[in-house]
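Here is the structure we will look at, set down as structure tokens.
The values are calculated or read from the model by the stated rules, or taken from the named source; none is laboratory data. Computed from a predicted model, the values in this text were never measured in an experiment. Cβ coordinates were reconstructed from backbone atoms using ideal geometry, including for glycine residues, and neighbour counts include every protein chain displayed.
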Amino acid sequence: MTLVRFAPSPTGRLHVGNIRTALVNWLFARQQGGRFLLRLDDTDTERSTAEFARGIEEDLRWLGLGWDLFDRQSDRMSRYSEAAERLKASGRLYPCFETPEELSLKRKAQINAGKPPVYDRAALGLSDAEKTALAKSTVPHWRFLLEPGRIEWEDRVRGHVHFEAANLSDPVLFRADGRPIYTLATVVDDIDLGVTDVIRGEDHVANTAIQIQLFRALGAAVPRFGHTTLIADAAGEGLSKRIGSLSIANLREDGIEPMTINSLLAHLGTSDAVEPYLSLDDLVRHFDLGHFGRATPKFDPEELPRLNHRLIQKLSFVGVRDRLPAGADERFWLAVRPNLARVSEAAEWWPVIHGPLRPEIADPAFAEAAAALLPPEPWDETSWGVWTKAVGSATKRKGKELYLPLRLALTGRAHGPELKSLLVLIGRARSLARLLGKEA
């Protein structure tokens, strides 16, 4: 059975960049009839917090991206130590004693010489006596010995990918303080938990080449890989500088619907038209990982309110009832819905209908004439047309000169939902009072 994973570090809140990875994995799992694993990569003890971990779970639940399995790396430290011993025994994990400063100098010298900054494996030339002497003053870090040759795989997004191992540095798998690096921890987790497909950003492509050798060195099957392009902003720049404002928590506070975010991110990077979907089930039916291309997708935050408006036009009264003012019914929702960019904006129209509201009367004589022509109730959506036709005939006004003064008198606003719907809700008594300049 297909098993994919989303493995964020609890060092901050989720943003549109990493939630896109979560969403793509979730949709792929559901489409394949598989499972979705949430794994917290929390080995960075300095920056990982319980609060951020809770925030990640909260954001995923709000978006509807529930998980079938849950794990955290901090609970699995013994497994990483076991993997390390196995790699040491096979000669694939070796100690290195260079300081960060020494490594930096080596890299600079290689770059200045026009060479790729690849670790020179100096530590492999140390004798046992030299290692013992160095260990008295320096705690080593540990590197994985890459085997020579071509590393290749068929990527679900990028097609055929290959690396020459000679162009890659032997990666550090354990820091000097004994903590495992992501490169090892994620492979051990994927093996133990049975991950079949790894779908992540293209910034991990080089990691994949290394991890393929790690899977094999630990005697495990290599999962299938897919690397999606990273998101840029509307100007084509990386999102890093603006990522705070694009956190899921902030978008939620801004009134963006979860399915608006899901609808946009599920198709960002594909040639598919972005449509507002009301449910994740609908998204699953229209999702195809093979539609993701190699071009850098641009995320424009201004598109969210526009898409949010389109989605809101599909929301039923039942779906939003709990977020509307107390006493609001379906007639109210259908009347104000066309003008909403956010559901929360519906509350602004409740006092417009029920008052109190101070009308804007620019021409009292015109307003009085319109008041005298108000038809008797009951009203329906044809009443506005019948009334304004009579008012226009009596006052010789038409167009903006006719409609705007009536809107200002009835709602106190120059723009808003169609008055054929609002007039019915405002009712004759309030309409009459407002046309006569009374607060109602």
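Take the conditions modelled with pLDDT of 95 or more, out of contact with any Leu (no Cβ under 7 Å at 6 or more places or on another chain) and of a type in the set (A, V, I, L, M) and apply them to residue 347. Does it pass?
Values: modelled with pLDDT of 95 or more: yes; out of contact with any Leu (no Cβ under 7 Å at 6 or more places or on another chain): yes; of a type in the set (A, V, I, L, M): yes.
Spelling it out, residue 347 is indeed modelled with pLDDT of 95 or more, out of contact with any Leu (no Cβ under 7 Å at 6 or more places or on another chain) and of a type in the set (A, V, I, L, M).
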Filtering segment 287-304 for residues that are surrounded by fewer than 15 Cβ atoms within 10 Å (Cβ to Cβ) and not in a loop (DSSP other than H, G, I, E, B) leaves a count of 2
Residue list for segment 286-311, restricted to those being in contact with a strand residue (DSSP E or B) (Cβ under 6 Å, 6 or more places away or on another chain) and either acidic (Asp, Glu) or farther than 17 Å from residue 262 by Cβ (or both)
296, 298
Matching entry among 197, 177 (being acidic (Asp, Glu) and buried (at least 18 other Cβ atoms within 10 Å of the Cβ))
197
Apart from one, (1) assigned to a loop (DSSP other than H, G, I, E, B); (2) among the hydrophobic types (A, V, I, L, M, F, W, C); (3) within 21 Å of residue 279 (Cα to Cα) all hold for residue 326; the odd one out is (3)
Does residue 156 meet the test of being touching an Asp or Glu at 6+ places or on another chain (Cβ under 9 Å) and within 28 Å of residue 40 (Cβ to Cβ)?
yes
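Does residue 400 satisfy being modelled with pLDDT of 95 or more and within 20 Å of residue 362 (Cβ to Cβ)?
Yes, satisfied.
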For residue 318: the one exception among (1) more than 30 Å from residue 238 (Cα to Cα); (2) surrounded by 12 or more Cβ atoms within 10 Å (Cβ to Cβ); (3) of a type in the set (Val, Ile, Thr):
(2)
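Scan segment 182-192 residue by residue and report those that are surrounded by 18 or more Cβ atoms within 10 Å (Cβ to Cβ) and either assigned to a strand (DSSP E or B) or among the β-branched types (Val, Ile, Thr) (or both). Even if it seems obvious, please write down each step before you answer.
First pass over segment 182-192, keeping only residues surrounded by 18 or more Cβ atoms within 10 Å (Cβ to Cβ): 182, 184-191.
Across segment 182-192, the qualifying residues are 186, 187, 188, 191.
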Complete set of residues in segment 305-323 that are small (Gly, Ala, Ser) and assigned to a helix (DSSP H, G or I)
319
Going residue by residue through segment 104-113, is there one that turns out to be over 30 Å from residue 269 (Cα atoms) and touching a residue at least 24 places away in the same chain (Cβ under 8 Å)?
no
Give all pairs with beta carbons closer than 6 Å in which a residue from segment 352-375 that is farther than 23 Å from residue 393 by Cβ meets a residue that is assigned to a loop (DSSP other than H, G, I, E, B) and of a type in the set (Ser, Thr, Tyr); count only pairs at least 6 apart in sequence or on separate chains.
none
For segment 1-39, what are the residues that are touching a strand residue (DSSP E or B) at 6+ places or on another chain (Cβ under 9 Å), in a loop (DSSP other than H, G, I, E, B) and farther than 14 Å from residue 223 by Cβ?
8, 9, 10, 12, 13, 14
Residues of segment 49-79 being in contact (Cβ under 8 Å) with a residue 24 or more places away in the chain, of a type in the set (Lys, Arg) and either loosely packed, with under 15 Cβ neighbours inside 10 Å or in contact with a helix residue (DSSP H, G or I) (Cβ under 7 Å, 6 or more places away or on another chain) (or both), which ones?
76, 79
Residue hits (segment 134-166; part of a helix (DSSP H, G or I) and modelled with pLDDT of 95 or more) are 165
Give me the pairs: first residue in segment 383-402 and in a loop (DSSP other than H, G, I, E, B), second residue modelled with pLDDT of 95 or more and not aromatic (Phe, Trp, Tyr), beta-carbon distance under 8 Å, and six or more apart or on different chains, which are they?
397/391; 398/392
Within segment 87-102, residues assigned to a helix (DSSP H, G or I) and farther than 27 Å from residue 216 by Cβ come out as 100, 101, 102
